[in-house]
Amino acid sequence: MGIEPPLWKRVEAFAGPVPRARHGHRAAAIRELIVVFGGGNEGIAEELHVYNTVSRQWFLPAVRGDIPPGCAAHGFVCEGTRILVFGGMVEYGQYSNSLYELQASRWLWKKLKPRPPKNASPPCPRLGHSFTLYGNKCYLFGGLANDSEDPNGNVLRYLNDFYELELQTQSGVKGWIIPETKGGGPSPRESHTCVAYSGKSGSSPKLYIFGGMCGNRLADLWQLDIDTMTWSLPKTTGLCPLPRSQHSSNVIENQMYVFGGWVPAEERNAVGAEWVCSNSLSVLNLDTMTWHTLKPESRQHQQSVTVMMEKEENEENGHNCWPKARAGHCAVVIGTRLYIWSGRDGYKKSQNYQVCFKDLCYLETEKPATPPAAVFLVKSTINMLHVAWHPLPSADCYLLQLQYVAPPPASQKKPSHLPTTLTPPTRLTEGEEPLQKSVHTGMCSGFKVKIVIPQKRAGAESTDKQNKSECSPVAGVTTNESGNTLLVNRQQESCLQPVTEEAEEQDGAKYQQPQEHENLSHPSKQSKEDEVSEWFDVGIFKTLFAEVTHYYLPSETDITDQISDIEWMNPGPHSIEGREKQKLASNVTYRFRVAGINCCGRGDFSPIGEFKTCHPGFPEAPHSVKITKESDSVHITWDSPSNASRKIQEYSLYLAVKKSRGNTSEKPGDLTFIRIYRGAKTSCTVSAVNLSNAYLDCSARPAIVFRIAAKNERGYGPATQIRWLQVMRRNPFAAEGCCRRGSRNALQELYNPTQAEFSRAAFLHQARRDQVAQTCRAHSALSRKRHVLTPSDLKHLVVDDEHELIYCYVPKVACTNWKRVMMVLSGHGKYSDPMEILPNEAHVAANLKTLNQYSIADINHRLKNYFKFMFVREPFERLVSAYRNKFTLRYNTSFHKRYGTRIVRRYRKNATSEAIHNGSDVKFTEFAEYLVDPATQREAPLNEHWQTVYALCHPCHIHYDLVGKYETLEEDADYVLRLTGVADSLRFPPYIKSTRTTDQMVATFFNNISAVQQSQLYQLYKMDFLMFNYSSPSYLKEQ
């Protein structure tokens, strides 16, 4: 640890729906998120809560699927972004042995059914067990079972059985195994802890089980060698913790931290309790097997609980706020911090309920890590540098420092007429390594332009820094297709310095000859000709950015680099305020570095970023860029530079284009730009031809990239880079309206997926598309008729221009819910939840726009560029569903009058006048006869509820990008929403009807009609069977 005593901090302020206090809950970490499930006090909690440790915000994700019941004292492990839940108490005296999986990337629950072990039973229902993940296997040990046959009775049995569960890749599990172990093993127990530790290089991984309850609390430590499956009692040194249960154990690096729990009381307290809660903290070094007790239980603490609690209350505003004594809490590790939330207060009761804490605390174990990337530039002016940096998970604030680089002597300066260029460094996310730069050439309206761009990595946006050139880069802008400029988080902006043009002739054309220059990312790379100053303090910031206009000169008695770790624990400027300020000068290069600070001290400094203030006289970058998408083009406008004291002669707009196929040396992250506009106006239109050649930059969120620069009599100034987003901003904390997205539509996401899980699902839907195409080719070869679609054929195709979607609705295939979803998507914020829309409102024609309402040109444009999808169902199941809904329910009088009366009159012998008048008791045999009667189809097209999908959606004339199926409705609907980029904010309504038409129902109805009618119906719906790969039903009779 950094210093002793250990440093606890209480999170004093957080936002969002805070979960109610509880005990017996469990937590897991997914990057910076803490996922909490189960537990309870006044009843068992069922909700899944998530806490973001960076934004300090709680939220309730919209979970779906096989949502498990609330449980307590369950197993809870996390592997990547999936969580497994096993067992626990679901009601008083009722325990579970169910296994659930949560895919946190989609908040999708799924109940798993692993195979039982060979020649043995699966784990029995239990609570208080340990469930520990190592590699791709989970290890289940012990717990408490209830052998009572009476659900209200308790016949408790402590367990020491041991199971192994192997996980499948990405989702699912294989089966339970009872491994053969040696060395005896722990005695039966519950409410113990178990951690996994891989040890030093070359040592075998091990499980460590500590404490628990078996009538009495236990203090033994057991070790299992996973490679040899051998149990042992390791020999430890130091003071072992007291026996305990319902404590927590977590591993950070090579240390196991044991906190809290029920421990034996040295003396009975006022109410005669033999056990009390503890807030002790013990640490076991798993390499040396040495215990260190950082806060032991004390007699004074146990005898004077009230005094201690009052003392701890008074410490809440301090930096070292030791958590109060508790048991049944949850503890989880984020980086090098140990977070503890809630738990039972062992000293207070409210009526018959235990009082639980509501606090959230964390233990700081180390100084902040070294920032993985250099400080980057957001904007530069004559006397200001706006810089930013990446967050560190364990930093409370940041120390920013700079040094200036004196310009070289005049004799060494290059002539002013020579152009300069930058080599911008790549912005990297945490843990990424910088990549090599590469150079490529593009043509810009007759000028040969050589642009030096670093390769970018997936997940990181580019931030272009300036080297020693005349002007500095400025902020990049991110926009969406709605035409509005989006406000970008400062740490997500990107900048660049455009090359200047040299009026020199080569082969009859003007060209540009930039000089390459390395940006300095490490002190060892500095140029010998530069004179570098010492490091100066800029300030200490709790934000991730700073607009630097000055820095502080050091005093003779205080040097920031010499401040001790203890001093960094205290809030304040650390001797910065009161010192002399020095303003930034124009046309001077500055180097920046940043370090994180927490209560353990100051971490190491980041790599160095080097930037230059602007030279007076050059124009700043254009700003307030707006992009408006038109039918087949894009209109871009911008405002003139704010410092345009000199006349702007012209602007240039550049577009990143696709790379040459023959150039194998180009790397995926490189950008090649061509100039698509040059003129004096502050707007231009980008044609469809140019857009078709645009490069889709997927180095971060997929985007089309533009650059705009202004020129005055001195030359071109810095450029603004605009990333026209092609994917929705998925923010689980956004409070704005749902379903906002960028301009990368579902069509692009389907055929060029940015997520691996998309590409896996794409194989399934490619097979479905191939099946449709193969059936259409076979049908076309047999048919001499050629049908040309007219607008009237397109009335079933619902259009959402906001998300570039076309949905062909098929009645009786969840079309009501899909229309609700389309109303949310295209409603511009009018609706947020599909279930808020009444079913009859979803079928009002005016609430949705269909493709037949557009002009011929607009129809063709949307059919070519929009994502088209439909959902289908087993044809006879859909047919029977339509019959049951329209002819067996009394409220559908309109169908009775329009179709029922006609069917009864034609096909019922000796029909009564009442039956002919009402048409409300149509038999399925009569309905089938009506459908196959040639006269029916000569009169008019079939009603949409029993018309074929082939006739409703025209899949042989319209290429559908996705064919979903009713049988896999949930998965396919989720896939569509993920492709569209709205899955985080919009959920497809769950199916809650219990009267759904099943295969058995369909077989019953078809058994009542003749073999001839069955055959005729199959011929009527044959194209739907073949096209969507439905087999001929087994219940059909042979003729």
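The values are calculated or read from the model by the stated rules, or taken from the named source; none is laboratory data. Quick caveat, the model's predicted, so the values are computed rather than measured. Glycine gets a Cβ as well: all are built from the backbone with ideal geometry, and neighbour counts include every protein chain shown.
Among the residues of segment 943-953, is any in a helix (DSSP H, G or I) and either over 44 Å from the mean Cα position of the chain (by Cα) or more than 30 Å from Y866 (Cβ to Cβ) (or both)? Can you show your working first?
Applying the first criterion (in a helix (DSSP H, G or I)) to segment 943-953 yields 949-953.
Those still in the list that are either over 44 Å from the mean Cα position of the chain (by Cα) or more than 30 Å from Y866 (Cβ to Cβ) (or both) too: none.
No, the conditions are met nowhere in segment 943-953.
Close contacts from segment 535-549, counting a first residue that is farther than 13 Å from L385 by Cβ and assigned to a loop (DSSP other than H, G, I, E, B) and a second that is of a type in the set (A, V, I, L, M) and at pLDDT 90 or above, with Cβ to Cβ under 8 Å and a gap of 6+ residues or different chains, come to W535/L402.
Scanning segment 621-653 for residues that are touching a Lys or Arg at 6+ places or on another chain (Cβ under 9 Å) and of a type in the set (D, E, K, R), we see that the one that is nearest to H550 (Cα to Cα) is R646. Apart from one condition, T53 fits all of (1) crowded, with 17+ Cβ neighbours inside 10 Å; (2) over 30 Å from H292 (Cα atoms); the exception is (2). Selection of first residues in segment 784-811 that are small (G, A, S) and of second residues that are surrounded by 13 or more Cβ atoms within 10 Å (Cβ to Cβ) and at pLDDT 90 or above, restricted to Cβ pairs under 7 Å at least 6 apart or on distinct chains, gives the following pairs, ordered by first then second residue: S792/N852. Residue-level analysis places I34 outside the set of residues that are in the same structural domain as V90 (by TED's automatic domain parsing), farther than 22 Å from C600 by Cα, β-branched (V, I, T) and not in a strand (DSSP E or B).
Considering segment 578-604, the residues that are small (G, A, S) and touching a residue at least 60 places away in the same chain (Cβ under 8 Å) include one that is surrounded by the fewest Cβ atoms within 10 Å (Cβ to Cβ), namely A585.
Can you name every one of the helices (runs of 4 or more DSSP H) wholly within segment 852-932 that holds 3 or more residues which are closer than 30 Å to S1034 by Cβ? It would help to see each step written out before you state the result.
On the way: elements: 856-865, 875-887, 901-907, 913-918, 924-932.
The helices (runs of 4 or more DSSP H) meeting that bar are 875-887, 924-932.
Evaluate the following for A45: is it closer than 29 Å to G346 by Cα, of a type outside the set (S, T, Y) and surrounded by fewer than 21 Cβ atoms within 10 Å (Cβ to Cβ)? No; evaluated as a whole, the condition is false for this residue.
Residues of segment 945-970 that are without any contact (Cβ under 8 Å) to a residue 40 or more places away in the chain and farther than 18 Å from K1022 by Cα: T968 alone. Restricting G75, G87 to those that are under 21 Å from G172 (Cβ atoms), touching a Ser or Thr at 6+ places or on another chain (Cβ under 6 Å) and modelled with pLDDT of 90 or more reduces the list to G87. A single entry from V976, V880 fulfils the requirement of being within 25 Å of A1003 (Cα to Cα) and among the aliphatic types (A, V, I, L, M): V880.
Suppose the filter is over 16 Å from L952 (Cβ atoms), surrounded by 21 or more Cβ atoms within 10 Å (Cβ to Cβ) and of a type in the set (V, I, T); does V824 pass it? Yes.
For segment 127-158, how many residues are farther than 26 Å from S204 by Cβ and without any contact (Cβ under 8 Å) to a residue 40 or more places away in the chain? Qualifying residue count for the region: 6.
With respect to (1) within 22 Å of L399 (Cβ to Cβ); (2) touching a strand residue (DSSP E or B) at 6+ places or on another chain (Cβ under 8 Å); (3) modelled with pLDDT under 90, the lone exception for I597 is condition (3).
Every residue, every condition in (1) modelled with pLDDT of 95 or more; (2) within 26 Å of Y197 (Cβ to Cβ), yes or no:
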{"position": "L294", "(1), (2)": "no, yes"}
{"position": "E297", "(1), (2)": "no, yes"}
{"position": "M308", "(1), (2)": "no, no"}
{"position": "E312", "(1), (2)": "no, no"}
{"position": "P323", "(1), (2)": "no, yes"}
{"position": "C330", "(1), (2)": "yes, yes"}
{"position": "W341", "(1), (2)": "yes, yes"}
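Determine, yes or no, whether G142 is in the same structural domain as G24 (by TED's automatic domain parsing) and surrounded by fewer than 21 Cβ atoms within 10 Å (Cβ to Cβ). So G142 fails the test. For V90, the conditions (1) under 22 Å from the mean Cα position of the chain (by Cα); (2) among the aliphatic types (A, V, I, L, M); (3) not in a loop (DSSP other than H, G, I, E, B) all hold with the exception of (1).
Name the one entry in N1008, N1029 that is in a loop (DSSP other than H, G, I, E, B), in contact with a Phe, Trp or Tyr (Cβ under 9 Å, 6 or more places away or on another chain) and surrounded by fewer than 19 Cβ atoms within 10 Å (Cβ to Cβ). Write out each step before concluding.
On the way: N1029 fails: in contact with a Phe, Trp or Tyr (Cβ under 9 Å, 6 or more places away or on another chain).
From the options N1008, N1029, the qualifying one is N1008.
Is it the case that some residue within segment 974-996 is assigned to a helix (DSSP H, G or I), touching a residue at least 40 places away in the same chain (Cβ under 8 Å), out of contact with any Leu (no Cβ under 7 Å at 6 or more places or on another chain) and among the hydrophobic types (A, V, I, L, M, F, W, C)? The answer is no; no qualifying residue exists. When the test is whether a residue is surrounded by 18 or more Cβ atoms within 10 Å (Cβ to Cβ) and either more than 20 Å from D161 (Cβ to Cβ) or of a type outside the set (F, W, Y) (or both), R126 passes it.
The set of residues in segment 759-777 being at pLDDT 85 or above and among the polar types (S, T, N, Q) consists of Q771, Q774, T775. Against the test of being more than 26 Å from G80 (Cβ to Cβ) and polar (S, T, N, Q), the options S187, S171 yield a single qualifying residue, S187. Sub-7 Å Cβ pairs linking a first residue in segment 680-697 that is more than 13 Å from S652 (Cβ to Cβ) to a second residue that is in a helix (DSSP H, G or I), at least 6 apart or interchain, number zero. Report, by residue number, each residue of segment 96-113 that is modelled with pLDDT of 95 or more and surrounded by 20 or more Cβ atoms within 10 Å (Cβ to Cβ). Scanning segment 96-113 gives S96, L99, Y100, E101, L102. Residues in segment 204-223 that are among the hydroxyl-bearing types (S, T, Y) and either in contact with a Phe, Trp or Tyr (Cβ under 7 Å, 6 or more places away or on another chain) or touching a residue at least 40 places away in the same chain (Cβ under 8 Å) (or both): Y208 only. Under 26 Å from the mean Cα position of the chain (by Cα) and among the β-branched types (V, I, T), is that true of V798? Judged against the criteria, V798 is not a match. Cβ-Cβ distances below 6 Å connect the following pairs, each with a first residue in segment 47-67 that is assigned to a loop (DSSP other than H, G, I, E, B), a second residue that is basic (K, R) and modelled with pLDDT of 90 or more, and a separation of six or more residues or different chains: D66/K110; D66/K111.
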